[in-house]
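The values are calculated or read from the model by the stated rules, or taken from the named source; none is laboratory data. Predicted model only: the values in this text are computed from it and were never measured. Methodologically, a virtual Cβ is constructed for each residue, glycine included, from the backbone with ideal geometry; neighbour enumeration extends over all protein chains shown.
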Amino acid sequence: MKYDYLVVGSGLYGAIFAHEAKRKGKKVLVIDKRPNIAGNIFTEDIEGIHVHKYGAHIFHTNNKKVWNYITQFAEFNRFTNSPVANYKGELYSLPFNMYTFNKMWGVVTPEEAEAKIEEQKKEAGIKEPMNLEEQAISLVGTDIYEKLIKGYTEKQWGRPCTELPSFIIKRLPVRLTFDNNYFNALYQGIPVGGYTKMVENMLEGIEVRLGVDYLENKEEYSKLADKIIYTGAIDAYFDYKLGTLEYRSVRFETETLDKPNFQGNAAVNYTDAETPWTRIIEHKWFEFGKDEDGNDLPKTVISREYSSEWKLGDEPYYPVNDDKNGKLYEEYKKLAEKETNVIFGGRLGEYKYYDMDAVIASVLNMCDVELA
Ligand code: UDP
């Protein structure tokens, strides 16, 4: 065996494992089927702007260990995510907070907002929320559900809110304060120089082969190392033999515009059902300093994001963590446990709607065991 570890996938999970293994004196080879490193956090330079090619990634965490870890590889700016919701031309602040409630109902005090939510929740007759719709209404009331949640969520997930798990909406804070910060996180920002540079730093001194599809020749590649760290889709690894897990895929239409400012914010969510895209990202506004001098850059790059059901050949982005898929995943997990020389990790390897910080925590835990 030439290597101690073959890491399949150079995203956050794979790159951090590779880094830690190398640090422990292990021989590591990283392969990735794409022509570039960094998986879905890959950023590409267009017109001097770091474009998030596989969707907007805003780093945020409450985990100090994770923050201390990631900041070894990049400096982070002080970007705070505060998306704007556009419902048929009406603009609302996100996440749901006093600015949103004031615009929606004209309420001025937290008590008035709370009373309004309580009244709408009561009218809807929800006691124990059983799905995303009921969860949303009991958190923010029917009006906000109808204008800011229903259309967006059904476009993003391609399923009625009544059939979606409630945990998805619990990702968003609801606040009775005037605070447009989307994340309840102590640490937040975008790596200065882009995510690709950050992953490059993780992979420094490690052999990386790009454009190599592990699953096309699994047996041969597996012979290269004692152990495999596999970060691709778990069902694909087993050639979908128990059936396909469901994923949502995303398509981006990226455009460079000859104007300095298109929408005045990094993210605008289109929360009605009719607009075909879910959101528009204007990448320049992720970068610190651009809020003062971004208008000096004559151009801007925007991406319209379209959500679709994943089918064979598409890129999987979001696992659909409902009961049906949960059960199938458990079956795949049993198969995975029998592959004693393979560790499955990351959003696709564990079929889990992980944020970046949770991926980092998960791989660091794995390293503690595997590289002890
Ligand atoms: N969501 C919504 N309206 C919005 C933004 C989000 O209803 O304007 C809901 C939607 O169900 C979405 C979930 O909140 O799937 C989580 O959103 P988040 O922004 O965390 O999703 P991500 O950034 O991971 O795509």
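Filter the stretch 205-225 for residues that are in a loop (DSSP other than H, G, I, E, B) and among the hydrophobic types (A, V, I, L, M, F, W, C); which is nearest to LYS64 (Cα to Cα)?
Checked the stretch 205-225; the qualifying residue nearest to LYS64 (Cα to Cα) is ILE206.
Can you name the helices (runs of 4 or more DSSP H) wholly within the stretch 117-204 that have at least 2 residues being within 16 Å of the ligand (Cβ to nearest atom) and surrounded by 19 or more Cβ atoms within 10 Å (Cβ to Cβ)?
Qualifying helices (runs of 4 or more DSSP H): 132-140, 151-157.
Given the options ALA267, ALA273, name the one that is in contact (Cβ under 8 Å) with a residue 40 or more places away in the chain, of a type in the set (Gly, Ala, Ser) and out of contact with any Pro (no Cβ under 6 Å at 6 or more places or on another chain).
Unique residue meeting the criteria: ALA273.
Inside the stretch 169-220, can you point out the residues that are among the small types (Gly, Ala, Ser) and under 30 Å from ALA136 (Cα atoms)?
Within the stretch 169-220, ALA185, GLY189 meet the criteria.
Looking at the stretch 286-301, is at least one residue within 16 Å of the ligand (Cβ to nearest atom), in contact (Cβ under 8 Å) with a residue 40 or more places away in the chain and in contact with a strand residue (DSSP E or B) (Cβ under 8 Å, 6 or more places away or on another chain)?
Scanning the stretch 286-301 turns up at least one residue that is within 16 Å of the ligand (Cβ to nearest atom), in contact (Cβ under 8 Å) with a residue 40 or more places away in the chain and in contact with a strand residue (DSSP E or B) (Cβ under 8 Å, 6 or more places away or on another chain).
Looking at TYR270, TYR240, can you tell me which residue is in contact with a Leu (Cβ under 9 Å, 6 or more places away or on another chain) and aromatic (Phe, Trp, Tyr)?
TYR240
Given the conditions (1) touching a residue at least 40 places away in the same chain (Cβ under 8 Å); (2) within 22 Å of TYR214 (Cα to Cα); (3) small (Gly, Ala, Ser), report the number of the one that GLY313 does not fulfil.
Only one criterion in (1) touching a residue at least 40 places away in the same chain (Cβ under 8 Å); (2) within 22 Å of TYR214 (Cα to Cα); (3) small (Gly, Ala, Ser) is unmet by GLY313, namely (1).
For the stretch 230-289, what are the residues that are closer than 30 Å to PHE17 by Cβ, among the acidic types (Asp, Glu) and loosely packed, with under 14 Cβ neighbours inside 10 Å?
Once the filter is applied, which keeps residues that are closer than 30 Å to PHE17 by Cβ, among the acidic types (Asp, Glu) and loosely packed, with under 14 Cβ neighbours inside 10 Å, the stretch 230-289 yields only ASP239.
VAL192 - would you say it is β-branched (Val, Ile, Thr) and at pLDDT 95 or above?
No; evaluated as a whole, the condition is false for this residue.
Which residues, taken from the stretch 265-274, are under 18 Å from GLY55 (Cβ atoms), of a type outside the set (Phe, Trp, Tyr) and more than 17 Å from the chain's Cα centre (by Cα)?
Scanning the stretch 265-274 gives ASN265, THR271.
Would you check if ASN325 is out of contact with any Cys (no Cβ under 8 Å at 6 or more places or on another chain) and surrounded by 14 or more Cβ atoms within 10 Å (Cβ to Cβ)?
Here the answer is yes, as ASN325 does meet what is asked.
What about SER93, is it more than 9 Å from the ligand (Cβ to nearest atom), within 28 Å of the chain's Cα centre (by Cα) and touching a residue at least 40 places away in the same chain (Cβ under 8 Å)?
Against the criterion (more than 9 Å from the ligand (Cβ to nearest atom), within 28 Å of the chain's Cα centre (by Cα) and touching a residue at least 40 places away in the same chain (Cβ under 8 Å)), SER93 qualifies.
Within the set of pairs 6 or more residues apart or between chains, which connect a residue that is over 18 Å from HIS57 (Cβ atoms) inside the stretch 161-190 to a residue that is within 9 Å of the ligand (Cβ to nearest atom) and of a type in the set (Val, Ile, Thr) with Cβ atoms less than 6 Å apart?
Filtered contacts from the stretch 161-190: CYS161/THR153.
Pick out the one residue from ASN68, ASN77, ASN36 that is away from the ligand (no atom under 16 Å from the Cβ) and within 28 Å of ASP314 (Cα to Cα).
Only one candidate qualifies: ASN36.
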